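Written below as structure tokens is the structure these notes are about.
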Amino acid sequence: MTRPTGDLFADGGETGRLMARLDWSGTPLGPVDGWPQSLRAAVRMVLSSRYPMLLLWGDRFTQLYNDAYSALIGDKHPDALGDDVRVTLAEGWDVLAPLIGEATTTGVASWVPALRLLLARAGYREEAYFSVSHAPARDDEGRTVGVLTVCSEVTDQVVGERRLRLLRDLAVRDGGGTLDVESTCARLVDAIGAHPLDVPFAAIYLADGPLLRRTACVGGEPVAGALPVRLPVSGAHEWGLAAAAAGRTTEVPGVERRLVLPAGPWGDPVGRALALPLPSAEADQPLGVLLVGVSPSRGLDDAYRSFFALLAQQVAVAVRNARTYEEERRRAEALAELDRVKTSFFTNVSHEFRTPLTLMLGPLADALNDHEHPLPAAQRERVDTAWRNATRLLTLVNSLLTFSSLEAGRGHSDAREVDLAGLTAELASVFRAAVERAGLRLEVDCPPLARPVAVDPVNWERIVTNLLSNALKYTFVGRIRVGLGADEEEVRLTVADTGIGIAEEELPRLFERFHRVQGARSRSHEGTGIGLALVRELARLEGGDVRVTSRVGTGTTFTVALPWAAVGRAPGPVAEVDGVGCAVRVAAQEAIGWLADPAQAAASAPAGPPVPAYGAANALRDARILVADDNADMRAYLARLLVGQGCRVRTVGDGRQALEEIHRERPDLVLTDVMMPDIDGFELVRRLRGHADTRGLPVVVLSARAGGDASVEGLDLGADDYVVKPFAATELIARVRAALSGGSRARGRRPGGPDANGSDSPGPAARDSDAGDTDPRGPDAGGRCDATAGAV
Ligand code: ADP
């Protein structure tokens with residue numbers, strides 16, 4: 001062949017070299033020498049471009065293209081050079097023909113951004129996408145004789161975006177942790193089912209002990225029929241399930257032999273699947289397996305594999321969330337059941353308590369009120385303590401009973417027309433002494449209501465008492481305001497304090513029974529967590545409801561709203577309420593007990609009546625003992641016992657005050673309760689043991705928490721002894737004496753405790769020289785053992 005062709009193909013790289021070697025005389029274009037100028041110019045342009053270009057020339061659509069284009073057609077290159085495009089791209093011709101036809105007939109260029117073409121370029125019928133422009137190519141006379149195609153492959157973008165959409169749909173449909181596992185899996189496969197081009201079929205298997213259970217599957221009847229429903233993990237060799245269940249992603253070939261499933265844009269049979277572990281926290285113990293079909297029209301390349309891995313991860317996260325949700329729901333149900341059992345237990349026990357309590361209260365009250373045979377002061381004090389605490393127990397028991405009958409729907413309101421403003425003001429005034437003693441202001445704003453109101457006065461008393469006693473318990477500075485008012489809609493009681501406030505996240509659960517805010521600073525640790533639940537039930541029983549607004553550090557306002565529709569009454573005689581009941585007085589007295597006055601509490605406690613001399617009383621004589629307990633009666637009782645033994649006693653209401661007292665004047669022994677507000681007994685021991693100065697100070701812990709764990713915790717922290725309430729006076733004295741003399745400490749301190757030898761603790765016997773610095777007052781010195789108890 002004669003040659004000036006070298007110039008024409010010279011800049012065409014590898015494809016140019018192939019074109020130069022090709023015998024063009026065997027093609028419809030004929031020898032290169034005879035090519036018109038226009039064709040030569042077009043070929044030069046194509047070869048010099050780095051962008052994929054294809055020139056179709058003549059009515060046989062002879063192909064000429066560059067290196068960049070050769071890469072797009074895979075193994076069709078180089079045979080395609082000089083060949084008819086209708087042969088080379090036969091499988092995609094139906095799509096291309098109209099576009100090429102349009103460019104040649106109209107002479108106008110076309111552009112399609114993502115043209116789907118079936119390409120058989122890599123040994124299978126591949127789904128490929130191209131952004132294509134077809135422009136007419138003209139000969140030397142200006143006639144359209146061919147088409148110049150400029151294209152770029154966008155398969156990765158198109159498929160990538162599509163897969164991303166599926167992952168996003170999955171995230172939207174996974175239930176967000178609010179559905180159980182079955183429903184979550186059903187929704188997940190539903191979302192997957194909407195994307196059959198990428199996932200022709202899918203099944204989720206979850207490990208269920210030694211079994212793999214198919215939880216959900218998508219892909220139609222043939223899939224459901226072909227895939228096992230439940231199988232032992234060890235025998236799950238089919239479908240790669242066993243390997244995947246052991247944590248290995250496994251390719252499953254030969255799917256078409258077990259399942260005929262046409263898929264992909266051209267309905268080719270699915271031939272491969274992938275079994276992927278659903279990752280859990282433990283790599284070799286997946287939650288289960290995600291089995292997915294591989295599209296017959298896409299190669300299982302790295303991008304496809306990592307898409308499937310993401311899919312499996314997302315399914316696993318959704319399953320884990322659903323499990324957490326199920327567990328939470330089960331826990332909530334179990335807790336609700338526990339609450340029910342607790343309530344019924346309390347109810348039964350409370351019934352049992354009521355009779356003996358009443359029988360105790362009657363004679364105690366008789367003894368206190370017997371003016372003919374008045375009790376001597378010391379006895380009166382003891383009987384008074386017993387009466388007060390029995391009354392408190394009865395109030396608690398009554399609250400529990402009220403609560404459980406309300407809960408059982410047996411609540412009862414004996415609504416009568418009452419002077420609600422007067423009653424409320426009177427109830428509030430019972431608390432005035434306690435509030436003022438706490439250094440707070442009590443503001444009562446209860447003007448008479450314009451219209452008559454009917455409520456059950458006993459229920460109202462409980463509502464006001466509970467709210468006021470809480471306000472005092474949780475307020476340390478400022479004021480408590482009790483207001484009663486009304487508008488067109490309702491009557492409103494507000495109890496507003498300037499106390500510690502309640503965190504927003506606690507508010508929704510505040511009125512649940514037994515719910516208490518953990519770690520809240522309070523005047524007393526005593527409480528059951530049913531006060532507010534009771535307030536709500538009672539308010540509802542009266543036809544209204546209670547709500548709360550609060551800000552941490554600023555204060556809390558409870559509002560009980562009673563709609564006129566429920567409590568309005570035609571004017572009639574106002575029922576006489578015979579003064580406020582016993583419950584409010586007991587609550588107010590109890591509140592006074594919370595108000596430890598450190599200055600007075602620190603004073604040496606006077607002795608009560610003599611307590612039996614427990615053997616060698618001299619071991620206790622003059623011993624300086626600090627008693628920390630948040631219950632005023634208990635403080636008074638302990639002080640009396642110890643003073644009776646010749647000890648000098650100081651009392652405080654919580655762990656923080658105890659620390660202050662200890663640093664002010666070091667005692668010989670600390671006797672502390674565990675449950676106290678602010679710093680509890682265990683924390684107190686921990687702090688004392690953590691400090692060189694107080695490491696050796698003997699500490700005896702008192703607690704109502706029986707059981708091995710609690711005492712081990714106390715002793716582990718370095719307490720010298722642990723005494724469980726209720727205790728006998730003799731036992732307590734013996735333990736205190738032992739701790740003072742160091743014997744019990746050496747025994748009780750567990751190995752590894754902060755200070756195992758205890759030798760640095762001078763017991764009172766070793767400190768005889770201090771003994772005379774303050775004489776304990778004699779048994780008949782009178783008065784109460786601490787300031788707080790004195791006012792009760
Ligand atoms: P209890 O007082 O026996 O713990 P309640 O049902 O009366 O039970 O109260 C539940 C919880 O609500 C309390 O433990 C406390 O944390 C919180 N609370 C109640 N009233 C107030 C208040 N006025 N200020 C701050 N916290 C409060």
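Among the helices (runs of 4 or more DSSP H) confined to the range 66-144, there are none with at least 2 residues that are in contact with a helix residue (DSSP H, G or I) (Cβ under 7 Å, 6 or more places away or on another chain), in contact (Cβ under 8 Å) with a residue 12 or more places away in the chain and of a type in the set (A, V, I, L, M). Within the range 175-186, none of the residues are in contact (Cβ under 8 Å) with a residue 60 or more places away in the chain, more than 28 Å from the chain's Cα centre (by Cα) and surrounded by fewer than 21 Cβ atoms within 10 Å (Cβ to Cβ).
Listed residues A602, A596, A575; which is touching a Gly at 6+ places or on another chain (Cβ under 7 Å), more than 16 Å from the ligand (Cβ to nearest atom) and at pLDDT below 80?
A596 is the lone residue from the list that is touching a Gly at 6+ places or on another chain (Cβ under 7 Å), more than 16 Å from the ligand (Cβ to nearest atom) and at pLDDT below 80.
The set of residues in the range 262-286 that are free of Cβ contacts under 8 Å to residues at least 24 places away in the same chain and under 41 Å from the mean Cα position of the chain (by Cα) comprises A281, E282.
Do we find a residue being away from the ligand (no atom under 11 Å from the Cβ), assigned to a loop (DSSP other than H, G, I, E, B), surrounded by fewer than 18 Cβ atoms within 10 Å (Cβ to Cβ) and not small (G, A, S) anywhere in the range 561-569? Among the residues of the range 561-569, at least one is away from the ligand (no atom under 11 Å from the Cβ), assigned to a loop (DSSP other than H, G, I, E, B), surrounded by fewer than 18 Cβ atoms within 10 Å (Cβ to Cβ) and not small (G, A, S), which makes the answer yes. Just wondering, is there one or more residues in the range 348-355 that are under 46 Å from the mean Cα position of the chain (by Cα) and surrounded by 16 or more Cβ atoms within 10 Å (Cβ to Cβ)? There is at least one residue in the range 348-355 that is under 46 Å from the mean Cα position of the chain (by Cα) and surrounded by 16 or more Cβ atoms within 10 Å (Cβ to Cβ). Across the range 461-484, the number of residues qualifying as away from the ligand (no atom under 12 Å from the Cβ), at pLDDT below 95 and more than 15 Å from I500 (Cβ to Cβ) comes to 1. Look at the range 401-423: where a residue is without any contact (Cβ under 8 Å) to a residue 60 or more places away in the chain and a partner is of a type in the set (S, T, Y), sitting 6+ places away or on another chain with Cβ atoms under 7 Å, you get L401/T347; L401/S350. The set of residues from the range 154-165 being surrounded by fewer than 20 Cβ atoms within 10 Å (Cβ to Cβ) and either part of a strand (DSSP E or B) or of a type in the set (A, V, I, L, M, F, W, C) (or both) comprises V154, V158, L164. In the condition set (1) modelled with pLDDT of 90 or more; (2) farther than 30 Å from L188 by Cβ, A322 is compliant with all but (2). Given the criteria more than 9 Å from the ligand (Cβ to nearest atom) and on the phi > 0 side of the Ramachandran plot, does G543 qualify? Spelling it out, G543 is indeed more than 9 Å from the ligand (Cβ to nearest atom) and on the phi > 0 side of the Ramachandran plot. Do we have any residue at all in the range 511-530 that's within 12 Å of the ligand (Cβ to nearest atom) and not in a loop (DSSP other than H, G, I, E, B)? No; the residues of the range 511-530 include none that is within 12 Å of the ligand (Cβ to nearest atom) and not in a loop (DSSP other than H, G, I, E, B).
Of all residues in the range 320-365, those satisfying the criterion of being of a type in the set (S, T, Y) and either touching a strand residue (DSSP E or B) at 6+ places or on another chain (Cβ under 8 Å) or under 20 Å from T402 (Cβ atoms) (or both) are T343, S344, T347, S350, T355, T358. Against the condition outside any strand (DSSP E or B), under 16 Å from V223 (Cα atoms) and under 42 Å from the mean Cα position of the chain (by Cα), how does L259 come out, does it pass? Here the answer is no, as L259 does not meet what is asked.
The values are calculated or read from the model by the stated rules, or taken from the named source; none is laboratory data. Nothing here was measured: the structure is a model prediction, and the numbers come from that model. Cβ sites come from the backbone with ideal geometry, for glycine too, and all protein chains shown count toward neighbours.
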